[in-house]
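A.B. asks: Before anything else, here's the structure in question.
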Amino acid sequence: MNRISLIALVLVASTGRAKEYKADVIVYGATPAGIVAAYAAAKEGKKVLLVEPGTHVGGMVSGGLGATDTGKRAAIGGYSRDFFRRVKARYEFAYGAESPQVKACDDGFKFEPKVAEWVFKKMLDEVNVEVLFNRRVELVMKTGSGIDSFAVQNFDIFSASVFIDASYEGDLLARAKVNYTVGREAAKQYRESLAGVQAKSPAHQFGVRVPARTANNKPIPFVQAGAYPPAGSADRAVQAYNFRLCLTDRADNRLPWPKPKTYDPNKYELLVRYLEARPTVTFKQLCNPVRVPNGKTDTNNNGPVSTDFIGENWEYPDADYLTRATIWQDHVDYTKGFFYFLANDYRTPKVLREEVNKWGPAADEFKESDHWPSQLYVREARRMIGDYVMTQKDITTDRTKKDSVGLGSYNTDSHHVQRLVNKDGFAVNEGDFQVPVQPYAIPYRSLTPRQSECSNLLVPVCMSASHVAYGTVRMEPVYMILGQACGVAGALAATERKAVQDVAYEKIKAKLLAQKAVLDPADVPVPAGGGKLAVESLPGILVDDATARIVGDWKPSHSVGCYVGEGYLHDDNAGKGKKSVRFTPKLPAAGTYEIFLYYTPASNRATNVPVAVRDRDGETTVKVDQRKNPGTTGSVTLGQFHFDSGESGWVEVRTTGTNDFVVADAVRFVPVK
């Protein structure tokens, strides 16, 4: 132990208030990753303590994120998948196997916050893991590159052979002097096309012109000052945080919208101007309430002015606890004020105001925190720079790893980081990108620091990845997968008295496979051979190429892969720019729809197929790589878009500028409820 750490420890101990806790493995952060890490290490026979800086277990999963971001569900294995099975079993036990609640839980992937917390507590109780709440790490004591112990703010001291930082913020790794970064890398740093500041003024963000300056030519509230930075440049900006709200439209369980103590309607001038530009906007276009059991929702950000508090969280990752508490409360006040304004202010259109007042917080959730979520959605904070930094290539072209400990498969999902004024004086959001991915492996090396910096620390949440790669890794099922790997590896390191970097990967792999983890992208089932896809029972409105509007000479085929209907069309790699296929649905109701594009992949497909989407906000083009296998569904998501009822919108596969064969098969429009 170095001299400074020794002096600090003596000073802490001399207060007489310190209590020392010892274990084989200590996990910091009772997030889903931390819970599964503790569970996994305890299942290996180790004494484990779980130290939580807050007052609840389960992080976002029990904090409002009840509509799970899954990607390919077959890629979710091990104890992560076991959690969702337990959720379904809980509903079956409580309501019966054929109940509406079991149907609504979607095989365990949709749930109420209190049910998630109950399941997590049950898992911890089964393996006798003690959870200590309200313990925020303050000081880390090290000898050489190894952590001896850490002290928390109430002077308790925690000693172990191995430590796991499963917090959303990475406070333990930072205090252990492990190298990390915050914000976005430049495109040139890792040669990532998606990195850094995004291209200017994406047209699909606002869809309408919203003036963003005051009469004095200053930005209105919640719009940042400054010029639009160069595309691809680096910064310290952090993607927006919000709260995932558990709302209900059931009158018997609905509370009125709370009014924050700091409420000032003048702060919502941007919302006022947006409503003036789009007076027919609906509640579900201003947020995204996804149904979970018992008439509740997981309500997320949706649209250009919503629950994401864009640009107001940049200080959070590296801030002290007091500053973080202030930022957290600012997010509470903004979100409460946002809905209170919609529900009460005369400038909210009457129809919208009446619709908003049909909703409210669920009275039987978050009772200990005044019915408000116990967890702020910290989508991204610190990211370790460890033995291996995952980058864009690891989620696109280099998807297998020799030391894989689990898979990710959700699309890259980075929210906006700032809201600026463009050259014409209108508001524009910047930072969001959504790009489909196929299942990819996450290497053990991305969970370990450089050994010279720390030899007994594992990091499943603030793991080693660029901003681009982290946008897909950061999903809670993946956090649990990585938590399991850290728990298993940590137990092995404690048993063998080895550095975590020196634990034999083959031993980790053997245990993970025995626990039914999925480690190889090739193990995620995809349609075999050729023939029709079984899509008739899937939700939404399907439009096949047989009923599409076809421009140019397209060739019918059914010779490659799996397809919708009797076959698909290809452009014969000729007549580029003169051919297109338009899929127009007849939508039963206006609303938000997620769009899925079907195609058969092959090595001679174009990697840059422009797919245009026309919705009520205008036209957006998404580039699709048709060489990539779309997996078991045969489709990739193009994103969520807003449509009027009837046949006013469409999706069009184009051939302009494409570099190989283009395929057009089918498009599905699935309502987002």
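A.B. asks: On the basis of being under 29 Å from Gly471 (Cβ atoms), open to solvent by 10 Å² or more (accessible area, probe 1.4 Å) and in contact with a Ser or Thr (Cβ under 7 Å, 6 or more places away or on another chain), does Arg291 make the cut? Steps first, please.
C.D. replies: Working: under 29 Å from Gly471 (Cβ atoms): yes; open to solvent by 10 Å² or more (accessible area, probe 1.4 Å): yes; in contact with a Ser or Thr (Cβ under 7 Å, 6 or more places away or on another chain): yes.
Taking the combined requirement at face value, the residue satisfies it.
Let's see how each residue does on (1) more than 30 Å from Lys114 (Cβ to Cβ); (2) open to solvent by less than 20 Å² (accessible area, probe 1.4 Å):
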site: Thr214; (1), (2): yes, no
site: Ile220; (1), (2): yes, yes
site: Cys246; (1), (2): no, yes
site: Arg250; (1), (2): no, no
site: Pro260; (1), (2): no, yes
site: Phe283; (1), (2): no, yes
site: Cys287; (1), (2): no, yes
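A.B. asks: Looking for something free of Cβ contacts under 8 Å to residues at least 60 places away in the same chain and open to solvent by 10 Å² or more (accessible area, probe 1.4 Å) - is there at least one such residue anywhere in the stretch 40-49?
C.D. replies: yes
A.B. asks: Oh, and also: Can you tell me which residues in the stretch 246-278 are more than 17 Å from Phe341 (Cα to Cα) and either without any contact (Cβ under 8 Å) to a residue 24 or more places away in the chain or among the aromatic types (Phe, Trp, Tyr) (or both)?
C.D. replies: Ala251, Asp252
A.B. asks: Could you please find all residues in the stretch 302-330 being closer than 17 Å to Val356 by Cβ and at pLDDT below 95? Give the steps one after another, and end with the answer.
C.D. replies: Restricting attention to the stretch 302-330, the residues satisfying the condition of being closer than 17 Å to Val356 by Cβ are 302-303, 305-307.
Matches in the stretch 302-330: Asn302, Gly303.
A.B. asks: I need the full set of residues from the stretch 87-115 which are buried (at least 18 other Cβ atoms within 10 Å of the Cβ) and in contact with a helix residue (DSSP H, G or I) (Cβ under 7 Å, 6 or more places away or on another chain), in order please.
C.D. replies: Listed by number, the residues that qualify are Val87, Lys88, Arg90, Tyr91, Gln101, Val102, Cys105, Gly108, Phe109, Lys110, Phe111, Val115.
A.B. asks: Filter the stretch 460-511 for residues that are among the β-branched types (Val, Ile, Thr) and out of contact with any strand residue (DSSP E or B) (no Cβ under 9 Å at 6 or more places or on another chain) and give the result.
C.D. replies: Val503, the sole residue that qualifies.
A.B. asks: Report whether or not Tyr410 is in a loop (DSSP other than H, G, I, E, B), open to solvent by 30 Å² or more (accessible area, probe 1.4 Å) and in contact with a Pro (Cβ under 6 Å, 6 or more places away or on another chain).
C.D. replies: So Tyr410 fails the test.
A.B. asks: So which of Tyr316, Tyr340 ends up being in contact with a Lys or Arg (Cβ under 8 Å, 6 or more places away or on another chain) and within 30 Å of Arg175 (Cβ to Cβ)?
C.D. replies: Within the list Tyr316, Tyr340, the selection yields Tyr316.
A.B. asks: Do we have Gly386 as at positive phi, of a type outside the set (D, E, K, R), buried (at least 23 other Cβ atoms within 10 Å of the Cβ) and touching a helix residue (DSSP H, G or I) at 6+ places or on another chain (Cβ under 8 Å) here?
C.D. replies: The answer is no for Gly386.
A.B. asks: Can you tell me how many residues in the stretch 556-601 are under 13 Å from Asp544 (Cα atoms) and charged (D, E, K, R)?
C.D. replies: Count: 3.
A.B. asks: Would you tally the residues in the stretch 261-304 being assigned to a loop (DSSP other than H, G, I, E, B) and over 19 Å from the mean Cα position of the chain (by Cα)?
C.D. replies: 12
A.B. asks: Another question, then. Need pairs with beta-carbon distance below 8 Å; first residue of a type in the set (A, V, I, L, M, F, W, C) and within the stretch 302-328, second open to solvent by 30 Å² or more (accessible area, probe 1.4 Å) and in a helix (DSSP H, G or I); sequence gap 6+ or separate chains.
C.D. replies: Cβ pairs passing all conditions: Phe309/Asp330.
A.B. asks: Can you give me the number of residues within the stretch 615-656 that are among the small types (Gly, Ala, Ser), farther than 17 Å from Val435 by Cβ and open to solvent by less than 60 Å² (accessible area, probe 1.4 Å)?
C.D. replies: Within the stretch 615-656, residues that are among the small types (Gly, Ala, Ser), farther than 17 Å from Val435 by Cβ and open to solvent by less than 60 Å² (accessible area, probe 1.4 Å) number 4.
A.B. asks: I'm told Asp403 meets every condition in (1) within 28 Å of Gly634 (Cβ to Cβ); (2) surrounded by fewer than 24 Cβ atoms within 10 Å (Cβ to Cβ); (3) of a type in the set (Asp, Glu) except one. Can you identify the failing condition by its number?
C.D. replies: Condition (1) is where Asp403 drops out.
A.B. asks: Working only within the stretch 426-454, note down all residues that are open to solvent by less than 20 Å² (accessible area, probe 1.4 Å), of a type outside the set (A, V, I, L, M) and farther than 21 Å from Thr620 by Cα. Working first, answer last.
C.D. replies: Let us first name the residues in the stretch 426-454 that are open to solvent by less than 20 Å² (accessible area, probe 1.4 Å), namely 427-431, 433, 437-444, 446-449, 454.
From the residues that got through so far, the ones that are of a type outside the set (A, V, I, L, M) too are 429-431, 433, 438-440, 443-444, 446, 448-449, 454.
Those that are open to solvent by less than 20 Å² (accessible area, probe 1.4 Å), of a type outside the set (A, V, I, L, M) and farther than 21 Å from Thr620 by Cα: Gln438, Pro439, Tyr440, Pro443, Tyr444, Ser446, Thr448, Pro449, Cys454.
A.B. asks: Report, by residue number, each residue of the stretch 116-127 that is of a type in the set (A, V, I, L, M, F, W, C), open to solvent by less than 90 Å² (accessible area, probe 1.4 Å) and closer than 14 Å to Pro32 by Cα.
C.D. replies: Ala116, Val119, Phe120, Met123, Leu124 - these are the residues of the stretch 116-127 that are of a type in the set (A, V, I, L, M, F, W, C), open to solvent by less than 90 Å² (accessible area, probe 1.4 Å) and closer than 14 Å to Pro32 by Cα.
A.B. asks: Looking at Thr348, is it of a type in the set (S, T, N, Q) and either in a loop (DSSP other than H, G, I, E, B) or farther than 22 Å from Cys246 by Cβ (or both)?
C.D. replies: On the way: of a type in the set (S, T, N, Q): yes; either in a loop (DSSP other than H, G, I, E, B) or farther than 22 Å from Cys246 by Cβ (or both): yes.
When the stated conditions are applied, Thr348 passes them.
A.B. asks: Filter the stretch 351-372 down to the residues that are out of contact with any helix residue (DSSP H, G or I) (no Cβ under 8 Å at 6 or more places or on another chain) and either part of a helix (DSSP H, G or I) or surrounded by 15 or more Cβ atoms within 10 Å (Cβ to Cβ) (or both) and list them by number.
C.D. replies: Within the stretch 351-372, Val351, Glu354, Gly360, Pro361, Lys367, Glu368, Ser369, His371 meet the criteria.
A.B. asks: Would you be able to tell me the number of residues in the stretch 589-614 that are open to solvent by less than 20 Å² (accessible area, probe 1.4 Å) and not hydrophobic (A, V, I, L, M, F, W, C)? Give the steps one after another, and end with the answer.
C.D. replies: Of all residues in the stretch 589-614, those open to solvent by less than 20 Å² (accessible area, probe 1.4 Å) come to 591-593, 595, 597-600, 605-606, 609-613.
Among the residues that remain, those that are also not hydrophobic (A, V, I, L, M, F, W, C) are: 591-593, 598-600, 605, 610.
Within the stretch 589-614, residues that are open to solvent by less than 20 Å² (accessible area, probe 1.4 Å) and not hydrophobic (A, V, I, L, M, F, W, C) number 8.
A.B. asks: Additional query: Any chance you could count how many residues in the stretch 137-151 are open to solvent by less than 60 Å² (accessible area, probe 1.4 Å) and touching a strand residue (DSSP E or B) at 6+ places or on another chain (Cβ under 7 Å)?
C.D. replies: 10
The values are calculated or read from the model by the stated rules, or taken from the named source; none is laboratory data. The structure presented is a predicted model; accordingly, all values stated were derived computationally and were not measured. Every residue, glycine as well, gets a Cβ built from its backbone with ideal geometry; the counts of neighbours run over all protein chains shown. The protein model used for the area step is the full one, side chains on, heavy atoms only, and it has no ligands, DNA or RNA in it. Shrake-Rupley method; radii C 1.70, N 1.55, O 1.52, S 1.80 Å.
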